[in-house]
Structure formats: structure tokens, C-alpha cells
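Student: Before we start, here is the structure in question, set down as C-alpha cells.
No lab work stands behind these numbers, since they all come straight from the coordinates. Keep in mind that this is a model prediction, so the values were computed, not measured. For neighbour counting, all protein chains shown are included, and Cβ atoms are generated from backbone atoms with ideal geometry for every residue, glycine included.
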Amino acid sequence: MGLLNFFKKRRAPSSTPAPSKSTDVPSLDTRETEQIPSPAAQPIPESKKKFYQPDDYYSVEKFAGTPFASKVITFEERKKTSYPSRNGLYPAEILLLEYCKFGTYPNPKNGYPGFWWFEYGIRNVDAVLKSLESRGFIAMASAKADLPRLTIPKLKEILSAESLDTKGRKSDLVNRILESVSEEKLQSYIPVRRYDVTELGQQEIRENEYVKYIHSRKHSEVSVWDVNILLHKNPNADWRESMWSEYEKLLQKYAAEEQDGLYRNVKLQMYYYLKDRLEYEKAYSYLAQVMFLDMNQKELARFWPDVVAPKLIKDFSILNKRFGFDETTMIIKLRDVFSTLQEPRRNFSDEETASIIAAYAFGHSESAQPLFDRILSQ
């Protein structure tokens, strides 16, 4: 197993303690139990199955059959250990609103992605969309508004049915239909239209931006559900600051447990967090720490040659250009960062570690090979 695959290992889901009580939201043990099945768990109608994977794809475990297998937590189960937003939505529903902004739901061309089940516990995406529509968070677009997303053959089909000219560019076809065909008539040609996010739905997205951010970054250690509970406990907290505090707690936990891979993953997430906030100087330091951990881990030979991740080297190159660092300056900067670390394990000296990283960043990695050969031969 290579280093990169090793570091992809995620925590097995643990039992989440019941969130603290609040005057705004009833405690979990006092909430009424739903009397009807949740939309997320309803069976998929035959007419919709073409937009989903085969039934056996939706296993009760993610990464089934691997050492990293873990139970899929259904949306119904998640709701028991998380809290709704001010307008009553849970993180998975808020993320669905975000996807509706792309203009591809319902019935996406390539089907609904598997993450709706494996990460958010939603089996029937269409039923949850209908629920969001009934509550005013999304609305079906007008037939005329949906015209531009249709294919040229479909547009020509409508024009032919209306005995109109089918020649011209796509924009010509769309304009011809808009000028000549009523909304009511168009609805018969476009029975299934895309969803638009209403102002109420847009408000949900704005007020819960952590959902989109964490999903897009695929944070493996701090999930949307974790932040959901943190924000419930402290409603006035900034979600970014809550995430950072959680990262620091995880670092302490994994250091105490000697979970080197998970410790390194959290450092990497902290780097991305800082880069997203445009705090480039701090980000540079955390990226350096990640590379230090990669190169000074136990059993280096086992993970060779994946210890120098090309993507991280590319990030170093971009940051070097931003700061105007030449190779010598980079080595000094890295060495200064490494000298402050309390990491007990060092395969290389701080100077050697910095020189190796700089050699890769400035395009002459072959000069670092003798240093690796010395360690690998031991």
C-alpha cells in the first residue's frame, strides 16, 4: 500500500454523543418520532431508476470489503444526532439546494452521484427534492426559462411540431420558440424541468456556507455533521473558527494515540483551510509541516517513492512564486519551520529535509536521490 493510499484512511464512525440542549431546538430525546417514512428512505420508482445506480450498489457499508469499511449512516439516523437550521433544514438538504443551483436537478444526465448515499445517507434523492419543493426552498423553473438547457435536436423537435423553421444556431432556435410558443404549450413539450433555488433556499445556502465548503474540500476528519453540532452548541461562533478549534483538538488526540497518518491528514486540512482564507504565510508553514511528516515517517522505504507528493510540490512552487522565493530562500524558510517542530522522528536532518523539498520544487529532484539512497539502504 503506497503512502498516499495509507493516508486516505478515515476514522471509523463512532457513536456521536447527544448534542447539548438548547432553548431554540428541542433536545433529541424529546423530539417527536416521525410517523411516516422519511423521503430520503422511500423506494425508488421504476420511472426514476435510470438516474440511480443498480440497487446492489447502495451497500450498507462504504468501502465494503476493504480494511476501511464503515457503516453508512442514513439521513434518518443523522437527524437524531444533528440539528436543523433556522428554517428547518439539515446539512444534506442544504447541500441539495447547492446542487440545484447548477441547473441539472432533477434527472441529472449522468445520474445522482453515489455520495448522496454513502456520505449523506440519502437513497431517494428525488423524494427529498420534492420535499424541499413543497417547503418552498426550490421551485420548478418555467418552461421558457428551461429552453436554453435543451439539446439542439430537442429544440428542433419542438419547432417541427409547431411548423416553425428549424434552421440556425442554437440561440436562433431558442429565440424562435420564445417568440412563437406560449408557456402553457411549452410545458407539454418539457414536462420535466429543472429546479431553481428560491430566495428562501438562497438564504439557507448563505446562512450555512460551511456545508458547501466542507463538501467541496472533502474533509475526512471534520464533517458537516461535526460542525453542525459545534454551531448548535455555540450559535454565535464563526464556523471557520469552530473548525480550526476542532483541528487543534484532533491533532492532540492523534498525537497522543500515535496515529501518524491521521495526524498528518489534519495538518494537510489545516493547510487547505489557511490557503482558502488567503493566509498564505501560515499556509506555507503548514504545507512544510506536512512534507516534513511525509519524509520523516516510520518505514520510509515501504512508502517510497510516494513520499514526495507531486501535488504538494506544485503547491510549493506556486507559493514560492507568490513570495518571490528562490531555492536558497526556500531552504532557509523550511529549515526555520522544521527547527520549531517537536516531532521526535527525523530520517533526515532539517537541512536535508529542506534541501530535498526545494530540489523537487525547483525541478532537479535527481540531486536529492543520494540522500534517499542513504536512508533506504539502512
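Student: At His364 and Glu258, where each label point lies 7 Å from the Cα along Cα→Cβ, what is the point-to-point distance in nanometres?
Tutor: Label-label distance for His364 and Glu258, simple model: 4.0 nm.
Student: Once you have a ≥ b ≥ c as the square roots of the Cα gyration tensor eigenvalues for the range 280-345, tell me rounded if a/c is under 1.5, and otherwise prolate or oblate according to whether a/b is larger than b/c.
Tutor: Note, shape of the range 280-345 comes out oblate.
Student: Still on this structure, please answer the following. Points 7 angstrom from Cα along the Cβ direction at Ser339 and Ile152: gap in nanometres?
Tutor: Between Ser339 and Ile152, the label points sit 6.5 nm apart.
Student: Summing -39500 (n - 2.57) over the DSSP H runs of n ≥ 4 in the chain and dividing by its residue number, what mean residue ellipticity at 222 nm do you reach, to the nearest 500 deg cm²/dmol?
Tutor: When only DSSP H runs of four or more count, the value is -15000 deg cm²/dmol.
Student: Could you compute the net charge surrounding Ala40? Neighbours are other residues with a C-beta less than 10 Å from the C-beta of Ala40; K and R count +1, D and E count -1.
Tutor: Once all neighbours under 10 Å are counted, the net charge is +1.
Student: Taking the Cα atoms of the range 143-189, what is the range of coordinates along each of the three principal axes, in descending order and whole Å?
Tutor: Ordered largest first, the range 143-189 gives principal extents of 24, 21, 17 Å.
Student: Between Rg and the Kirkwood Rh of the range 224-378, both from Cα atoms, what is the Rg to Rh ratio?
Tutor: The Rg/Rh ratio comes out at 1.01.
Student: Between Gln202 and Ala237, 0.36 nm times their residue separation minus their Cα-Cα distance comes to what?
Tutor: Contour length minus the Cα-Cα distance gives 10.5 nm.
Student: Once the chain is represented by equal point scatterers at the alpha-carbon sites, with solvent omitted, what log10 I(q)/I(0) does the Debye formula produce at q = 0.15 Å⁻¹?
Tutor: -1.26
Student: Along the range 51-56, what does the Karplus equation 6.51 cos²θ - 1.76 cosθ + 1.60 (θ = phi - 60°) give for ³J(HN,Hα), rounded to whole Hz, x for Gly and Pro?
Tutor: My calculation for the range 51-56 gives 9, 10, 6, x, 3, 6 Hz in order.
Student: Please give the per residue volume of the convex hull enclosing the alpha carbon atoms of the range 95-215, rounded to a whole number of Å³.
Tutor: 122
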